[in-house]
Amino acid sequence: MTRQTKVLVTGATGNVGREVVSRLLAAGVAVRALVRNLDSVDLPEGVEVVGGDLSKPETLGTGLDEVGAVFLVWPFLTAEGAPAVVEAIAWHARRVVYLSSEDVRDGLERQPDPINQLHADIERLIEDSGLEWTFLRSGGLATNALAWAEQIRSGNVVREPFGSAARSPIHERDIAAVAVRALTEDGHIGARYVLTGPQVLTQAEQVRTNGEAINRPLRHKEIPPETARAEWIAEGWPASVVDGILDAHARMVARPERVTSTVEEITGSPARTFREWATDHAGDFRGVPDSGDATTDHGRDPDAIKKQTKKGHEETMSSWAYIYGQPGADPVADRFAIERAGQRTTLVPVPDESEAAEVAVGLIEEGVELIELCGGFGVTEAARVVEAVGGRVPVGHVNFGLESVEGAAAYKARFEARSS
Ligand SMILES: NC(=O)c1ccc[n+]([C@@H]2O[C@H](COP(=O)([O-])OP(=O)(O)OC[C@H]3O[C@@H](n4cnc5c(N)ncnc54)[C@H](OP(=O)(O)O)[C@@H]3O)[C@@H](O)[C@H]2O)c1
């Protein structure tokens, strides 16, 4: 393959595909992204974007036209529909790099769970297609932790079963870096690369690491597998897949995922740690989503916040308290504190969020006329403060503005509806 060979990236708006697109562009490769919705595409300049749906093979012709290689992500829970897609790829392109799973076991007629069966089935189709292929058998993606983001944005606890299940989470950038090599270089054809992060971490350790990246004391709370099963099925996951995930996690308690050095061997750079991933994604876990976009860093921009929280109260309030966490623990909260220090604001560090309501009531008794909470306060604590204050003074929050008791309650209800 040469740099002139055009590469089609499927899943281009997803965690891994997006990185593959950026890296191919940076390497000077002609890139085409396959997307389902042309109206809401947010991809870097220089990528050719075409519409297509992997569940409708008849829509893939334009995307595959004059393409030499394909990065294939299979975003479905069964391999149904895959034969026609693999056939279409083989008709147009010479090479495919497929994002598979490290848990696929060679030589088995049936894999132990439906997710690995799906990956094994697609690998088999590709092997029989006549394409040049490389399988990227990935261990647990670090992005699996994004499933905790809503719980973390609204509190300090992540409820899950099997907190001691041990995985070797891999950064999406490392998978993308290997994918680009396999798509553009010779020497990777017929390889089944097992790609993992550089260390084994339990789920509970990953939660803690996420907390360290956002300067909050996050902890894992064990819940019975049956509870999680019922909740996930209620969210719409097929029971067979839920059982497969729970069984896999149960297995990983006794048998942690392995660690390989394949990323470094292929790219020349060691695989990124989960801590690096958590730092890169700190914005996904910080703050409280507002009622519209789930903004985090954007929603905490000091200028935007100034406009949002003051809402005219600035002129009339003579005494204002800004309640935030441990000084030095959250750089964004500190930045707001510094900004507010020049105003008529009392800075009130409250390292234990659960004490904020009591502190707020005490401040009112001292004559404070407006209370503002920093973004580190989750919606539950914020609502508790609003309730305790009982409308005596306005309570603001840097992420969702000044709210009445009713406003905060409505916000909380919206948030809970979205989380359930
Ligand atoms: N989670 C793990 O631990 C793990 C381990 C090994 C392998 N994997 C593999 O990795 C994949 C997830 O990769 P990821 O995290 O990068 O994905 P992701 O962030 O979940 O994104 C999925 C991508 O697939 C696209 N897509 C969904 N349905 C589509 C359709 N009908 N036609 C065309 N495109 C469609 C989405 O596009 P839209 O923007 O249109 O939604 C999006 O770009 C899994 O599907 C699995 O096969 C995962």
Matching residues in the range 147-187 - criterion: being at pLDDT 95 or above, within 15 Å of the ligand (Cβ to nearest atom) and in contact with an Asp or Glu (Cβ under 7 Å, 6 or more places away or on another chain): A166, R167, S168, H171, E172, R173, A176
Considering only the range 87-106, how many residues are out of contact with any His (no Cβ under 8 Å at 6 or more places or on another chain) and free of Cβ contacts under 8 Å to residues at least 60 places away in the same chain? 9
Report yes if A182 is crowded, with 24+ Cβ neighbours inside 10 Å and in a helix (DSSP H, G or I), otherwise no. yes
I'd like to know if the range 214-223 contains one or more residues that are more than 26 Å from R286 (Cα to Cα), aliphatic (A, V, I, L, M) and surrounded by fewer than 18 Cβ atoms within 10 Å (Cβ to Cβ). no
Could you please let me know if R124 is touching a Phe, Trp or Tyr at 6+ places or on another chain (Cβ under 7 Å), among the basic types (K, R) and either more than 9 Å from the ligand (Cβ to nearest atom) or in the same structural domain as H220 (by TED's automatic domain parsing) (or both)? no
Could you say whether any residue in the range 19-36 is of a type outside the set (A, V, I, L, M), at pLDDT 95 or above, in contact with a Ser or Thr (Cβ under 7 Å, 6 or more places away or on another chain) and within 11 Å of the ligand (Cβ to nearest atom)? no
What number of residues within the range 210-233 are touching a residue at least 60 places away in the same chain (Cβ under 8 Å) and closer than 16 Å to E160 by Cα? 11
Please work out which one of (1) without any contact (Cβ under 8 Å) to a residue 60 or more places away in the chain; (2) within 13 Å of the ligand (Cβ to nearest atom) is the condition V70 fails and give its number. (1)
Hey, any hits in the range 12-28 for a residue that's of a type outside the set (K, R), farther than 23 Å from D174 by Cβ, part of a loop (DSSP other than H, G, I, E, B) and assigned by TED's automatic domain parsing to the domain that holds Y98? no
Flag for I115 being within 9 Å of the ligand (Cβ to nearest atom), out of contact with any Phe, Trp or Tyr (no Cβ under 9 Å at 6 or more places or on another chain) and among the β-branched types (V, I, T): yes
Within the range 37-65, the count of residues that are outside any helix (DSSP H, G or I) and either within 7 Å of the ligand (Cβ to nearest atom) or in contact (Cβ under 8 Å) with a residue 12 or more places away in the chain (or both) comes to 17
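So which of R137, R153 ends up being in contact with a Phe, Trp or Tyr (Cβ under 9 Å, 6 or more places away or on another chain), in a helix (DSSP H, G or I), of a type in the set (D, E, K, R) and at negative phi? Quick ask: steps written out before the conclusion?
Details: R137 fails: in a helix (DSSP H, G or I).
Answer to the selection: R153.
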Given the conditions (1) at pLDDT below 95; (2) in a strand (DSSP E or B), and given that V70 satisfies all but one, which numbered condition is not satisfied? (1)
Search result, residues across the range 235-274 that are among the β-branched types (V, I, T) and either without any contact (Cβ under 8 Å) to a residue 12 or more places away in the chain or in a helix (DSSP H, G or I) (or both): V241, V242, I245, V253, T262, V263, I266, T267
Give the residue that is surrounded by the fewest Cβ atoms within 10 Å (Cβ to Cβ), with candidates limited to residues of the range 105-125 that are at pLDDT 95 or above and touching a helix residue (DSSP H, G or I) at 6+ places or on another chain (Cβ under 6 Å). L125
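The values are calculated or read from the model by the stated rules, or taken from the named source; none is laboratory data. As the structure is a computational prediction, the values presented were derived from the model and not from experiment. Backbone-built Cβ (ideal geometry, glycine too); neighbour counts: all protein chains shown.
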